[in-house]
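> Provided herewith is a single structure, encoded as structure tokens, for subsequent inquiry.
Read-outs throughout are calculated quantities, based only on the coordinates presented, and are distinct from any laboratory measurement. All of these numbers come straight from a predicted model, not from anything done at the bench.
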């Protein structure tokens, strides 16, 4: 399953950090952050709960970039 989320981030480097943090989260098969469009495209692993996984993704992203936001 793939979903797109609106994000808020200050710079391209921060967006790259968010992408790496999301990819490292359990339940995420792949993630691409588009800084210019302020969007995060997430592909979930089979049988993953998107809502629960995205809460973990947000928590992990806040560790690397504390002023970022993902609108769930």
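> If only Cα atoms are counted, what is the Rg of the chain, and what is its Dmax, in Å?
10.7, 33
> Then there's this: Any idea what angle helix 12-23 forms with the longest principal axis of the chain, computed on alpha-carbon atoms, 0 to 90 degrees, nearest 10?
Computed tilt is about 20 degrees.
> If you don't mind, there's one more thing I want to ask. Could you tell me how many degrees, from 0 to 90 and to the nearest 10, lie between the Cα long axis of helix 50-64 and the main elongation axis, the longest principal axis, of the Cα atoms of the chain?
30 degrees
> Rounded to the nearest 500, what is the 222 nm mean residue ellipticity of the chain from helices alone, with -39500 (n - 2.57) per DSSP H run of 4+ residues and division by all residues? All intermediate terms of the calculation are to be shown ahead of the outcome.
Details: 2 runs with 27 residues, N = 72.
Roughly -12000 deg cm²/dmol at 222 nm, from the helical runs in the chain.
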